[in-house]
């Protein structure tokens with residue numbers, strides 16, 4: 001009887017030990033799972049922090065690049081204006097430059113030998129211009145052509161006469177126009193000179209047109 005009782009007691013002890021071991025294993029698995037989940041959460045937080053940090057650095061870098069590019073453009077504009085107008089060290093803001101440019105819009109690029117001007121409405125009819133007493137030419141070549149066809153007499157040296165008159169006009173008017181419009185770019189300055197020249201009584205084309213009107 002004693003032997004059987006002892007065997008039964010041993011089995012009960014082993015059963016309890018196995019049960020306890022199984023319980024411990026379950027707890028270990030639960031703890032491991034909690035740690036894994038915590039590690040994943042930490043990894044996500046760390047990745048999110050790194051991403052936010054990188055985005056912040058990228059934004060700051062872009063801002064610096066934009067600022068540097070804007071400054072370079074302003075310096076380039078100032079150098080261009082100084083080179084064109086002979087200014088010594090007059091610094092102008094980009095806002096001033098843009099405000100000045102906005103006053104001169106819708107230009108059409110045209111070409112002339114040695115002279116690149118901008119003018120509006122280059123396709124006006126020559127006949128209408130001559131008939132009205134005003135010649136509107138979009139280039140120096142076109143102006144010379146009108147000078148030779150607009151009068152009954154043949155001009156032996158229309159090109160030399162036109163260029164000489166235009167150069168004298170520009171030499172006198174350019175300083176005045178620069179003074180009134182200090183922020184104009186070179187092309188805009190030439191545009192305004194060309195427009196003014198087209199209406200000037202010094203223009204041989206206008207002189208020819210006026211002479212034709214008087215003959216009528």
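Hey, does region 154-176 have a residue that's buried (at least 19 other Cβ atoms within 10 Å of the Cβ), touching a helix residue (DSSP H, G or I) at 6+ places or on another chain (Cβ under 8 Å), at pLDDT 85 or above and farther than 27 Å from residue 75 by Cβ? Yes. If you go through region 188-204 and keep only what is more than 39 Å from the chain's Cα centre (by Cα) and assigned to a helix (DSSP H, G or I), you end up with just 204.
Screening 74, 55, 37, 65 for residues that are in a helix (DSSP H, G or I), in contact with a helix residue (DSSP H, G or I) (Cβ under 7 Å, 6 or more places away or on another chain) and either modelled with pLDDT of 90 or more or surrounded by 10 or more Cβ atoms within 10 Å (Cβ to Cβ) (or both) leaves exactly one candidate, 74.
The values are calculated or read from the model by the stated rules, or taken from the named source; none is laboratory data. Since the structure is predicted, the reported quantities are computational estimates derived from the model, not experimental observations. Backbone-built Cβ (ideal geometry, glycine too); neighbour counts: all protein chains shown.
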